[in-house]
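Asks: Below you'll find the structure I mean.
The values are calculated or read from the model by the stated rules, or taken from the named source; none is laboratory data. None of the values given here were measured: they were computed from a predicted structure. With ideal geometry, Cβ positions are generated from the backbone for all residues, glycine too; neighbour counts draw on all protein chains shown. Quick note on the areas: whole protein, heavy atoms, side chains included, nothing else; ligands and nucleic acids left out. Shrake-Rupley method; radii C 1.70, N 1.55, O 1.52, S 1.80 Å.
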Amino acid sequence: MAQIFPTKANLMATQKSLSLAKLGYELMDRKRNILVREMMQLVDEAKEVESTINEAYKKAYASLQKANITLGRCSDYARTVPLDETLKVDYKSVMGVEIPQITLGEQDMKNYYGFDTTNSYLDEAYFNFNEAKKLSVKLVETQTSIYRLADAIKKTQKRANALNNIMIPKFTQTVKFISEALDEKEREDFTRLKVVKSTKEKAKNK
């Protein structure tokens, strides 16, 4: 511990620093708990999406395979479907952590490739891949949010540990050192005053 001069001003300053450190730890701990709770909710959401997205893609590719078998390669038909440019990314703040909110606009599922040279298998593939796309967007949103929250939790825990294990013990020790030094000085001053008073009384009685 760096030597600090034991004065009442230093004692008050250190006590204030100790109170702020304790308050900071409580806030960091509260923030960590909120972030953990938020992350666990997203983990549950991600598990739910993961449980359905594989089946969605499996279903989509199966219908595409049927379309390829009955129509030949469907890449030319796919090019007639316009690019989906409705994807938007916004953010919400959770205890200072920016969490993405990805939205996908409702696309008009109309037939772009015509009915005369296609069949229901292609329609089915088109619909199934659109559903898989929606699930992919949701999964990306939840996984990105989980990663950001996990990183924030790690940093918050590190700061909380620094306050609890380093700063608070340091300030507590400094307060103890100054308080004991001031008490000792007060006892010495009291003893000195008694000696002076006793000496004066003796001199007066002579």
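Asks: Please give me, ordered by residue number, the trypsin sites (Lys or Arg not before Pro) of the stretch 1-78 that lie in loop per DSSP and have at most 12 other Cβ atoms within 10 Å.
Replies: The qualifying sites are Arg73.
Asks: At 25 °C and 0.890 mPa s, grab the translational diffusion coefficient of the stretch 14-111 from Stokes-Einstein with a Kirkwood Rh over Cα pairs, rounded to a whole number in µm² per second.
Replies: 132 µm²/s
Asks: If you don't mind, there's one more thing I want to ask. Computing the accessible area with a 1.4 Å probe over protein heavy atoms, can you report the carbon and sulfur percentage for the stretch 24-161?
Replies: Within the stretch 24-161, the accessible surface is 53 percent carbon and sulfur.
Asks: Could I ask something else about it? For the stretch 55-206, calculate the relative contact order in percent as a whole number, restricting contacts to Cα pairs under 8 Å that are 6 or more residues apart.
Replies: Relative CO of the stretch 55-206 lands at 26 percent.
Asks: List the residues of the stretch 154-175 whose backbone N lies under 20 Å from a point placed 7 Å from the Cα of Asp189 along the Cα-to-Cβ direction.
Replies: Backbone N within reach: 175.
Asks: With the Cα gyration tensor of the chain in hand, convert its eigenvalues to equivalent ellipsoid semi-axes via √(5λ) and list them largest first in whole Å.
Replies: Working through the eigenvalues yields semi-axes of 78, 13, 10 Å.
Asks: Please report the projected area of the stretch 103-163's Cα convex hull averaged over all directions, in nm².
Replies: 5.2 nm²
Asks: Something else about it: Would you mind getting the accessible area per residue of the chain, heavy atoms of the protein chains only, 1.4 Å probe, in Å²?
Replies: Heavy-atom accessible area per residue stands at 71 Å².
Asks: Still on this structure, I have one more. Roughly how large, in nm² to one decimal, is the mean projection of the convex hull of the alpha-carbon atoms in the stretch 68-186?
Replies: Value for the stretch 68-186: 11.1 nm².
Asks: Provide, for q = 0.14, 0.18, 0.29 Å⁻¹, the log10 of I(q)/I(0) from a solvent-free Debye sum over equal Cα point scatterers in the stretch 59-128.
Replies: Listed by q, the Debye log ratios stand at -0.56, -0.73, -1.29.
Asks: Let me ask something else. Could you tell me which helices of the chain pass both thresholds, a Cα extent of 20 Å or more along their own axis and a mean Kyte-Doolittle hydropathy of at least -0.5, with helices taken as whole DSSP H runs?
Replies: TM-like helix candidates: 8-71.
Asks: Treating only the Cβ of Lys, Arg, Asp and Glu as charged (+1, +1, -1, -1), what charge dipole size does the chain show about its Cα centre? Round to the nearest 20 debye.
Replies: Using Cβ point charges on Lys, Arg, Asp and Glu, the chain gives about 2420 debye.
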